[in-house]
Amino acid sequence: MIGNLKPLEILLIVVVILLLFGAKKLPDMARSLGKSARILKSEAKAMKKDGSQEGQADAAAPDAQTPQSTTARTIQAAPGDVSSSRPVNEPNRTPQS
């Protein structure tokens, strides 16, 4: 579908996007989209790695239970963005009286 667009139609779409969102917000939106894509990619790699390790452990010892790691995994922040890293599985917090 995108291959069928003519240059004038692409220019019209870009102008409409600029009018809707404004030139100031577009770089921020693109930056956050890039961060989200990097996080998604790293999580997909981690899930593949965890799945292959689990498959190897199952093949090596089918009767043995594999212990789960007690350390929490963290999502890696983008370079220079230290404040956005957070634990994947946040512990349940009980309210203090």
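The values are calculated or read from the model by the stated rules, or taken from the named source; none is laboratory data. All values reported here derive from a predicted model rather than from experimental measurement. Virtual Cβ from ideal backbone geometry, glycine too; neighbours counted across all protein chains shown.
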Original post:
Does Leu8 qualify as being in a helix (DSSP H, G or I), of a type outside the set (Lys, Arg), surrounded by 10 or more Cβ atoms within 10 Å (Cβ to Cβ) and at pLDDT 85 or above?
Top reply: no
**OP:** Report, by residue number, each residue of segment 13-43 that is among the basic types (Lys, Arg), part of a helix (DSSP H, G or I) and out of contact with any helix residue (DSSP H, G or I) (no Cβ under 8 Å at 6 or more places or on another chain).
**Re:** Lys25, Arg31, Arg38, Lys41
